[in-house]
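Down below is the structure, laid out as structure tokens.
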Amino acid sequence: MTGVPPHARPGLPVQTRALWARRRQALGRVVVHLLLLASIAVIAFPLYYVFVLSTQSMEEVMVRPTILRPSTHLIENYVAAWTQAGMGRKLMNSLGVAVAIALGKIVISLLSAFAIVYFRFALRKVVFWMVFVTLMLPVEVRIVATYQVVSNLGWLNSYYGLTIPLMASATATFLFRQFLQTVPGELAEAAQLDGAGPMRFLWSILLPLSVTNVAALFVVLFVYGWNQYLWPLMITHTEEMQVAVIGIRQLVNPELPQWNITMAAAMMTLLPPVLVIVFMQRWFVQGLMESEK
């Protein structure tokens, strides 16, 4: 009986076995919470360290051992980052680019998935798999060809060039297709009997059903658009069109790096996507957890 847990021994009273079971569950919850706290610490510490550096002077940044508490230069550093890198205009550019990319991806992906699921045309499955295969071709692989097309269209150093080439999304198309396939076919038949056309059916029935999916995708795609660095770096050549992540790079001077100013710009760049995630957290989690969608 030594290898059998106390709560599983048949000779013990029911109350004793129940007590051991509750203790085991409590211990399991403690272990899970400790693992979660450790994970949060590992993820949050670099962000905390960036914030600490953004509040220090360069003398405090260079001190060893490292000072891990905030200092008194927060406003000074953030004002310097805002003025030296022109972060105001760059943050607005990043916001516009991220929103345009996210909305464009959602609209295009929803329409393409709707056509693949509800319209019967030749090579329908082939078209879908051709779209899906583009997942194997990241932006970096096709960036030279994309740059040439954008250049020929005259979209260099413009909002069109920053957003339109990044709007197509095979991932969002696949997710919307999987959701639309779970919608009962009776809804389409009922809408057709009521005289609703395809776009009315999409707007009035399918779109309200997919609100949580759209919200979850918007958060992911907004962060994707906000973090774009290589593509904006290639096609923009003026301060007025550059995005926030490029502003961080401009502050990194190899000869005399001002890490406190750079970290202040990094914190300013980090704040908008964090606010979007916090504001849309409920819809984001709901969209991820609704497995039937």
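Read-outs throughout are calculated quantities, based only on the coordinates presented, and are distinct from any laboratory measurement. If you're wondering where the values come from, they're calculated on a predicted model, not measured in any experiment. Methodologically, a virtual Cβ is constructed for each residue, glycine included, from the backbone with ideal geometry; neighbour enumeration extends over all protein chains shown.
Order 169-179, 80-90, 275-285, 61-71 from most to least packed using the mean count of other Cβ atoms within 10 Å.
On the way: 169-179: 20.5, 80-90: 18.7, 275-285: 13.9, 61-71: 11.3.
Order by mean packing, descending: 169-179, 80-90, 275-285, 61-71.
Our summary of shape: the Cα atoms of the chain have principal axis extents of 77, 68, 32 Å, ordered from largest down, in whole angstrom.
If you average 1/r across every pair of different Cα atoms in region 71-132 and take the reciprocal, what Kirkwood value do you get, in Å? Show your work: numbers first, answer last.
Values: mean 1/r = 0.0649 Å⁻¹.
Every distinct Cα pair counted, the radius reaches 15.4 Å.
Here the label points at Leu187 and Met199, each 7 Å from Cα along the C-beta direction, are separated by 2.0 nm in the simple model. Along region 226-237 the Karplus relation, 6.51 cos²θ - 1.76 cosθ + 1.60 evaluated at θ = phi - 60°, assigns HN-Hα couplings of 5, 7, 4, 10, 5, 5, x, 5, 6, 9, 10, 9 Hz to successive residues, with x for each Gly and Pro.
Over the Cα atoms of region 122-270, each weighted equally, I'd like the Debye log10 I(q)/I(0) at q = 0.21, 0.22 Å⁻¹, rounded to two decimals. Log-scaled intensity ratios, in q order: -1.31, -1.35.
Efficiency by 1/(1 + (r/R0)^6): what FRET value for Ala115 and Thr72, r their Cβ-Cβ distance, R0 = 41 Å, to the nearest 0.05? With a Förster radius of 41 Å, E is 0.10.
Based on alpha-carbon centroids, what's the gap between region 27-84 and region 210-265 in Å, whole number please? Distance between centres, Cα-based: 20 Å.
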